[in-house]
Amino acid sequence: MGIVALTLFIVAYYPIFQILVKKWASSEEYSHAFVILPIILYLVWQKRAIFQESQVRYSSVGLVLLIISALFYPVSLLIQMRTIIALFMFLTVVGTIIYLFGTDTLKALFTPLLLLAMLIPVPEKLFIQLTFPLQLIVSQISEVVIRFFAVPILREGNIMFIPGKTFEVVEACSGLRSMISLLTLSVIFGYFRLRKVSSKLVLVVASAPTAIFVNIIRVVTMILLFHFFKLDLSEGTLHTLTGISIFAIALLTLFLVERILEKWEIKSNSN
């Protein structure tokens, strides 16, 4: 019966699977999805005893969620709203878990379900609305830091002018792309390394300023290296290597925050 239900689910939601895979493969923001999916499956596999021990409950709440998703999923396919289609697929998964096993099982699967929800692409318009303010924040703080090194600079919005070159804080430097990846990683780090919900929340919240912080480092470094050494990191292989290095710094920063929270938990438990 389970195999039949899984087959029907795959057939029904095959269109959104195609859309998501295409988006993940072509998007720098969600390319990590192909790594996260096996982790999600592993986390569910860890909880397999819950399904074996739980009795089928046929919850009315779960049934309502399944009916809603069944009614609106075809409509979302017709209007081709990628995020809405994916959300109804996610609602079907949640509704099925509640319908068959109850809310306790849903709570036990909270982390893998959260990771799955985080792989649903943000609507393009919302992404743009979030990106531009972050670009301005990175530009403004970078300007202050650069002036500290006595570098003559003029900023207009997210474009900065120094003698000999113009730099633009583009979408990739806003921090939103790395923020999406860091948010996902913070959930995984918290799940495996931390025990308290409060510690996990702090780690997740810390991922946002971490993303902004490392992108400020990226912009400042690029401008200072060009001004003092005429080394241009704004394009080519050096630009790519800089991006990889900056993300590595972000991961290290997130790991250090996690270690601090882990030690705090140990200390609080010993008192």
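What the table shows:
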{"read-out": "Residue tally, condition in contact (Cβ under 8 Å) with a residue 40 or more places away in the chain and polar (S, T, N, Q), over the stretch 142-159", "value": "1"}
{"read-out": "Close pairs (7 angstrom Cβ cut-off, 6 or more residues apart or separate chains): among the aromatic types (Phe, Trp, Tyr) in the stretch 160-183, at pLDDT below 90 anywhere", "value": "Phe167/Ser234"}
{"read-out": "Residue match in the stretch 60-68 (condition: surrounded by fewer than 17 Cβ atoms within 10 Å (Cβ to Cβ), modelled with pLDDT of 90 or more and touching a Pro at 6+ places or on another chain (Cβ under 7 Å))", "value": "no"}
{"read-out": "Residue within the stretch 174-190 that is touching a Phe, Trp or Tyr at 6+ places or on another chain (Cβ under 8 Å) and of a type in the set (Phe, Trp, Tyr) present", "value": "yes"}
{"read-out": "Residue in the stretch 204-218 that is free of Cβ contacts under 8 Å to residues at least 60 places away in the same chain and in a loop (DSSP other than H, G, I, E, B) present", "value": "no"}
{"read-out": "Single unsatisfied condition, Gln52 versus (1) within 21 Å of Thr7 (Cα to Cα); (2) of a type outside the set (Ser, Thr, Tyr); (3) in contact (Cβ under 8 Å) with a residue 12 or more places away in the chain", "value": "(3)"}
{"read-out": "Breaking point among (1) outside the structural domain of Ile40 (by TED's automatic domain parsing); (2) touching a residue at least 12 places away in the same chain (Cβ under 8 Å); (3) under 21 Å from Trp24 (Cα atoms), for Leu77", "value": "(1)"}
{"read-out": "Residue count for the stretch 30-59, restricted to those that are within 21 Å of Leu115 (Cα to Cα), modelled with pLDDT under 90 and assigned to a helix (DSSP H, G or I)", "value": "4"}
{"read-out": "Any hit, the stretch 14-28, residues being of a type outside the set (S, T, N, Q), within 23 Å of Leu115 (Cβ to Cβ) and touching a Ser or Thr at 6+ places or on another chain (Cβ under 6 Å)", "value": "no"}
{"read-out": "Ser245 within 26 Å of the chain's Cα centre (by Cα), of a type outside the set (A, V, I, L, M, F, W, C) and part of a helix (DSSP H, G or I)", "value": "yes"}
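The values are calculated or read from the model by the stated rules, or taken from the named source; none is laboratory data. Model, not experiment: these values are computed from the prediction. Reconstructed Cβ throughout: ideal geometry from the backbone, glycine too, with neighbour counts over all protein chains shown.
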